[in-house]
Structures are given as structure tokens and as C-alpha cells.
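Please read the structure below before turning to the comments.
None of the figures in this text is laboratory data; all of them are computed from the coordinates on show. It should be emphasised that the depicted structure is a prediction, and the values quoted were computed from it without experimental measurement. Here Cβ is always computed from backbone atoms with ideal geometry, including for glycine, and neighbour counts include all displayed protein chains.
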Amino acid sequence: MKKRIISVAIVVLIIIVSIVIIKSTSNGMKYKIGIAQFAAHASLDTCRKGFIEGLKQDGIIEGKNLKIEYQNANSDGGTANLISNTFISHNNDLLLGIATPMAQSLYNVAQNTDVPVLFLAVTFPESAGLIDGNVTGTSDRFSPDKRLQLIKSIIPNVKKIGVIHSTSEINADYSLKELQDVADKYDVQIIDKGISSSGELQLAAESIAKEVDCFCLVIDNTITASVSVLIDVANRNNIPVFCNEENEVKLGGLACDGIDYYNLGIETGKMASKILKGERKASEMKYECIEDTKIYINTNTFKMLNINIPNDLLDKSVDVINND
């Protein structure tokens, strides 16, 4: 009788332990990702949200089978390097770098490990050195021809276009060069002004506002993070700002012909899914670009600057933003 009681107790104990183990396993996360973002601004935030959505669509869901460790470098290179080293020490299954400087930092730290690195919103992956090794991702490279065509369609007599750019971001340097390379084709001159930090943005914008017909943004995290400063200077001088994407137009920019950063994030999330599930290796995947763009216009800014919206522009696929 005593042996029988002991046997029953052992069986019950085994059942209890098994239930605890199963519960513990179900509460555990199958995947762990480190997401590092270089700057705090709407474009990159949209990318990150799209990335998480792309994973979700493939069954990898935060809080269910995915743990995400997120950090933002706030446009500081030293902080970016600190985040990268921390992420490597935390045994993440995959690292995502949003924007060029962050992706470069993660890649430099991870290249002697087995941890795959994905990049998101990196404009020129080749120039950034993000081609060889266990790395892949998506590019937000824009067409300089589309940008200047949009400007000319709204301001036919434009002659001088102002570009403020960060001297510490390779993506800004190359974006500027691409505009300069096609400027003669559209009979315009690019007036550029370099800055080393966002604190110099207002003074730089004011210094060339009187000599340009409009401002044009390039892919530049330093400028984008403080774009409202540039837009304020431009509006006070009655000149428009042509933007990279929708969020900048919402802040008072005139127009843009840009990609959908949310969709860019989704595509990157689906790439990450394949890597996490063991279906593909990052080293075997070519980076991807989104070719489709959409025109956004801010009707309030058109009215404030007394600029007419061309009829042929309205005939195209345009999203109208009205801040009233």
C-alpha cells in the first residue's frame, strides 16, 4: 500500500513537472532579434513598423514566438557602436540595422560571427560596404531624374536648387552626387551646403535661402530628424521644400515622389523570416529595392506659397495631404 502511494505520488510529480516544462517552453521565444535604428524620425519608425508586420505576416510574431530588443542611436556614431557590441553579446539570432550608419556598425561588429545582419533603408549598399558576407537587406535609393522632373513640373522656371546635407553620412554624399550628375540635363544648378550636426541646420538653410528657388532633400538622417527646422526656414522665405517621403510632406513640405517606407519594411521582414526559418542564408540573398513610387502633395503649402498645382500632376496617382 505504501509503495503504491509512493508510485502514485511519483506519477503525479512527473505530470506536474511535465506541465511546468511545457508551459515554460510555450512561454519561451523561439526567435530573438536585435533592431537598431540610427535616428529618431518618422521615416525610420515607419520602416521598423513595416519590418515587424512583415515578420508577422510570415507567422513570426512579437510576444508570441519572437523577442525584439530595440535601441536607437539618436544620430550618434559612438552610441551606434555601443549598441552593436551590446547586441552581439546578447546572442541574438539576427540583427537589423535601420539606416546606413547603423547597418555599417552592426556589420563591422558581426562580420566575424555567425550572426546574420539585415539592413533596412540603406541607400547605397555597395558604397557602404554592405555587400560581402553574411549580410543583405533593402535599399531606399531614389531616382534623381524623378526628383528633378517633379520639381520642374511644379516650378518650370526653377534654376537653383538648394541641398543641405550631412558631411558625415555616406548616403547623403552619394545622393547629392546623383542629383549633381543629372542637373545639367534639367538646366538647373545644385547649391549645396554641408553641415556636421543638426545644430547647424538652421544657419545653413538661412545662408542659401535667398539664392535658391527651392530646397530638395536627399537621403540624410541628420536632416530628416530635424526637417521641420528646414521647412520653417523655407516657408519664411517663401520657397518650397521637395521631400523624400510622405511624413516630410505632412510636416509642411510641398511634394515628393517617393517610395513607401512601410512596404520597404515589410519586404525586409519577409527576408528576415526566410533567414530565421533556415530557408535562406543572408549571404545567398541579394539586396532588394522598391521601384514603385507615389507622389504626395501638401495643398496647404501650395496655397501658402501661392503655387498652382499643375493639372497634369493631379491627373497622376497623387495622395493629397491637407493639414486643416
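Cysteine residues of the chain whose Cβ has no partner cysteine Cβ closer than 4.7 Å: CYS47, CYS214, CYS216, CYS289. By the count of neighbouring beta-carbon atoms within 10 Å, fewest first, ILE239, ILE297 end up ordered ILE239, ILE297. Straight-line cross-link reach from LYS30 at under 25 Å between alpha-carbon atoms covers these lysines, not counting any fewer than eight positions away in the same chain: LYS49, LYS56, LYS64, LYS67, LYS270, LYS274, LYS277, LYS281. What residue among SER175, SER139, SER153 shows peak mean-square fluctuation when the chain is described by a Gaussian network model with Cα springs under 10 Å? Evaluated over the chain, the most mobile residue of the options is SER153.
Work out how much length ILE309 to LYS177 would gain on full extension: take 0.36 nm times their residue separation and subtract the Cα-Cα distance, in nm to one decimal. Walk me through the intermediate numbers first.
Numbers: separation 132, 0.36 × 132 = 47.52 nm, distance 2.89 nm.
Taking 0.36 nm per residue and subtracting the Cα distance, the gain is 44.6 nm.
As a rough footprinting exposure proxy, the listed residues LEU313, LEU44 were ranked by other beta carbons within 10 Å of their own, and the order from fewest upward is LEU313, LEU44. When only C-alpha pairs under 8 Å and at least 6 residues apart count, what is the relative contact order of the chain, in percent? About 19 percent, as a whole number. Of the labelled figures [x] 24.4, 102; [y] 23.2, 74; [z] 24.2, 73, only one reflects Rg and Dmax of the Cα atoms in Å as derived from the coordinates, namely [x].
Can you put MET102, MET285, MET271 in order of Cβ neighbours within 10 angstrom, beginning with the fewest?
Working: MET102 33, MET285 16, MET271 26.
Sorted ascending by nearby Cβ count, the order is MET285, MET271, MET102.
For GLN189 and ASN65, a Förster radius of 41 Å and the Cβ-Cβ distance give a FRET efficiency of 0.15, rounded to the nearest 0.05. Taking the Cβ of ALA39 as the center, what net charge do the other residues with Cβ under 12 Å away carry, scoring Lys and Arg +1 and Asp and Glu -1? Charge balance near ALA39 sits at -3.
Looking at the chain, do any whole DSSP H helices span at least 20 angstrom along their long axis by alpha carbon and average 0.0 or above on Kyte-Doolittle, and which? Could you put the intermediate results ahead of the total?
Numbers: long enough: 2-27 (37 Å, 1.67); 42-57 (22 Å, -0.37); 261-276 (22 Å, 0.04).
Length and hydropathy pass: 2-27, 261-276.
Please work out whether the range 195-324 counts as rounded, prolate or oblate from its C-alpha gyration tensor, where a ≥ b ≥ c are the square roots of the eigenvalues and a/c under 1.5 means rounded, while otherwise a/b larger than b/c means prolate and anything else oblate? Oblate is the answer for the range 195-324, as a/c is 1.5 or above yet b/c matches or exceeds a/b. Taken along the Cα-to-beta-carbon direction at a fixed 7 Å, the label points for ASN74 and HIS90 span 1.7 nm.
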